[in-house]
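See below for the structure under consideration.
The values are calculated or read from the model by the stated rules, or taken from the named source; none is laboratory data. As the structure is a computational prediction, the values presented were derived from the model and not from experiment. Methodologically, a virtual Cβ is constructed for each residue, glycine included, from the backbone with ideal geometry; neighbour enumeration extends over all protein chains shown.
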Amino acid sequence: MDKITVDSVFKSFPPRQRGSEAIVALDNVDLRIAAGEIVCIVGPSGCGKSTLLNLIAGFDTPTGGEIAVNGLPVTGAGPDRIVVFQSPSLFPWMTVMENVTFGPRKRGVPKAEYEAEARGTIEAVGLSRFAGRFPYELSGGMRQRVQIARALVNRPQVLLMDEPFAALDFQNRLVMQELLLRLWERIHPTIFFITHDVEEAIFLGDRVHVMTAAPGRIKAVIDVPFEKPRLIEIVTDPRFVAIKDQVLHLIRSEFERSDRAAEAAESAMRT
Amino acid sequence: MTEATDGIPRRAADRQHAPSLARTNWLRVRYPLVSVLAVLALFGAWELATDLFRISPMTLPSPRLMAKSLQTMLAEGYSGRTLGEHIVASLLRTLTGLLAGVGLGVPIGLLMGYSRFVNAALMPGFGFIRPIPPIAFIPLVILWFGIGEVSKILLIFVASFNYTVLASAAGMRSVPEQLVRAGTNLGLTRWQLFTSVMLPAAMPQIFTGIKISIAVSWAVVVAAELIAAQAGLGYIIADAGTFFKTPEVLIGVFIIGAIGLLFEVAITAVERRVLHWQSKA
């Protein structure tokens, strides 16, 4: 059965000023993600990737269409679908340990249950020595590890990742990508992963969805045939490069299309 | 990390050339020493100037004369009360008004920051009162409540209440959306979200409001005591001024300054402990 189903979802935001039109962020988006699958979304910025993630997370509701997780319509945010944000979203007044255990603690899970789990998760992301540290004492990459640990400790069935590694330097990004795949091996969560890094999308994803420039639609779906566990060496594999070439072309044609649209709108306004 | 005493991080290579203990001690004390010497020099120059230019003690008493007056004040008090009693009178008024103002101001401010409805209802009132200097209310509270304790405490209450309300409301509104989402996502109830995420996130601004409130309250209590009081530091300087007792005026001013400084040092120390995480993200 599909873990996540997005059915002809439409999302628009009210116009910013009087007289301007409503902004259509998502236009008839269909998406099916099987349990344990990793699906990556790439597309030009402003194409509604994050809007789609927010709808699945339950932070926002679609204007039309339906989103269901486990066959049940999404009505709000919950710990079965944890979001990993791009920007720092750790609680700065809590230590690493406190951040990681925050969810279970507040939900009333007994300490005996969550503590060992939290220690294990912190160890899995390689931060055992830093459990008592505060976020401001950690590097950007370490903070993202804490965020992932804070997500995983809830044993979420779904991980929603919104460009989680975009702010990291190249080396850290590679390390985190491999780490994510290793962690996936442990509990096989379903992962919805947004990125603007084509290589990252192909390296992580079982499938890569390319979105159109605004209003966002799914333009193409590309299957990535590599078996997991994957190692970073596959990025130089000719098949990998071929897929990358294909995705890049799809994205570039989107840029060109949106540029032409902008030009057309501009000339229409002049006349 | 290894740090040299003057705060400059040392590289590993420098450790072999670590300065001697004597030099380390000298490095540690040199700037405080300069400060102490500067203060001593100031008093020396003051003493010398009053002597040299034969300045009348009524205009500017010499430090030695002031020390003598301070001794007398410590021994005999001022107008029937000990110096300690005057200080306690001022402190008690300030702390009572401050505690009430902060105690009521923080929750109301948080509510305003949380609910747009409450904000819309209360903001016009606070927005109007905020720019009025609290001492402008002195005649009014004396008219209404006389010259007793009530009017002074009320003034301090109004001043501190105003600042904490606005700071707490601003703090609440500036809680990063991302943190609230993270909390919701982890399954927190609305109440848990309020107490465990929004409140701590708003703490730095609440603290700033409290800090301003303390400074303003201290200024307001002195101003109120200048006008109508039988005890307190403001009373001392007003009364001594009326009778041209310049040394007592200056001593009163110094004590007011010293206590204001102590307040500041204390609240900053608390802030450093409680909010060690702020502005380091």
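Just so you know, in the stretch A:102-126 the residues that are in contact with a Lys or Arg (Cβ under 8 Å, 6 or more places away or on another chain) and small (G, A, S) include one that is farthest from the other protein chains (Cβ to nearest Cβ), and it is A:G126.
Can you tell me how many residues within the stretch A:44-75 are assigned to a loop (DSSP other than H, G, I, E, B), at negative phi and not aliphatic (A, V, I, L, M)? Residues meeting the conditions: 9. Within the stretch B:95-117, the residues that satisfy the criterion of being at pLDDT 95 or above and either basic (K, R) or under 30 Å from B:G241 (Cα atoms) (or both) are B:L95, B:T96, B:G97, B:L98. Among the helices (runs of 4 or more DSSP H) confined to the stretch A:111-193, the ones with at least 2 residues that are over 15 Å from the mean Cα position of the chain (by Cα) and under 22 Å from A:I234 (Cβ atoms) are located at A:170-187. Taken over the stretch A:235-266, residues that are in a helix (DSSP H, G or I) and either surrounded by fewer than 15 Cβ atoms within 10 Å (Cβ to Cβ) or not assigned by TED's automatic domain parsing to the domain that holds A:D206 (or both) amount to 21. Inside the stretch B:239-272, residues that are assigned to a helix (DSSP H, G or I), more than 22 Å from the chain's Cα centre (by Cα) and not aliphatic (A, V, I, L, M) make up a count of 6.
Residue pairs whose Cβ atoms lie under 8 Å apart, separated by 6 or more positions or on different chains, with the first residue in the stretch A:41-53 and polar (S, T, N, Q) and surrounded by 21 or more Cβ atoms within 10 Å (Cβ to Cβ) and the second part of a loop (DSSP other than H, G, I, E, B) and modelled with pLDDT under 90, do not occur.
For residues in the stretch B:51-67 being touching a residue at least 12 places away in the same chain (Cβ under 8 Å) and assigned to a helix (DSSP H, G or I), which is farthest from B:Y235 (Cα to Cα)? Looking at the filtered set, the residue picked out is B:R64. Can you find a residue that is free of Cβ contacts under 8 Å to residues at least 60 places away in the same chain, assigned to a helix (DSSP H, G or I) and either surrounded by 17 or more Cβ atoms within 10 Å (Cβ to Cβ) or away from chain A (no Cβ under 14 Å) (or both) anywhere in the stretch B:273-280? No, the stretch B:273-280 contains no residue that is free of Cβ contacts under 8 Å to residues at least 60 places away in the same chain, assigned to a helix (DSSP H, G or I) and either surrounded by 17 or more Cβ atoms within 10 Å (Cβ to Cβ) or away from chain A (no Cβ under 14 Å) (or both). Of the residues screened, B:N162 is not one that is within 14 Å of chain A (Cβ to nearest Cβ) and buried (at least 18 other Cβ atoms within 10 Å of the Cβ). Of the residues making up the stretch B:130-171, those that are at pLDDT 90 or above and among the small types (G, A, S) are B:A136, B:S151, B:A159, B:S160, B:A167, B:S168, B:A169, B:A170, B:G171.
The single condition from (1) under 18 Å from the mean Cα position of the chain (by Cα); (2) of a type in the set (K, R); (3) surrounded by fewer than 20 Cβ atoms within 10 Å (Cβ to Cβ) that B:R173 fails is (1). Here the condition is being out of contact with any Phe, Trp or Tyr (no Cβ under 8 Å at 6 or more places or on another chain) and either among the small types (G, A, S) or outside the structural domain of A:V247 (by TED's automatic domain parsing) (or both); of A:A57, A:A77, it holds for A:A57 alone. In the set B:I214, B:I135, B:I236, only one residue is touching a His at 6+ places or on another chain (Cβ under 7 Å), in a helix (DSSP H, G or I) and among the hydrophobic types (A, V, I, L, M, F, W, C); that residue is B:I236. Applying the condition of being in contact with a helix residue (DSSP H, G or I) (Cβ under 7 Å, 6 or more places away or on another chain) and more than 10 Å from chain B (Cβ to nearest Cβ) to the stretch A:70-99 and asking which residue is surrounded by the fewest Cβ atoms within 10 Å (Cβ to Cβ) yields A:M97.
Could you pull out the residue among B:L70, B:L74 that is aliphatic (A, V, I, L, M), in contact (Cβ under 8 Å) with a residue 24 or more places away in the chain, farther than 25 Å from B:S151 by Cβ and surrounded by fewer than 20 Cβ atoms within 10 Å (Cβ to Cβ)? Within the list B:L70, B:L74, the selection yields B:L70. Which residues, counting only those in the stretch B:96-132, are among the β-branched types (V, I, T) and part of a helix (DSSP H, G or I)? Selection gives B:T96, B:V102, B:V106, B:I108, B:V118, B:I129.
Each row is one residue, and each column tells you yes or no for (1) among the acidic types (D, E); (2) over 17 Å from B:K68 (Cβ atoms); (3) away from chain A (no Cβ under 14 Å).
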| residue | (1), (2), (3) |
| --- | --- |
| B:G241 | no, yes, yes |
| B:V249 | no, no, yes |
| B:I256 | no, yes, yes |
| B:F263 | no, yes, yes |
| B:E271 | yes, yes, no |
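The residues in the stretch B:199-214 that are more than 10 Å from every other protein chain (Cβ to nearest Cβ) and touching a Phe, Trp or Tyr at 6+ places or on another chain (Cβ under 7 Å) can be counted, and the count is 4.
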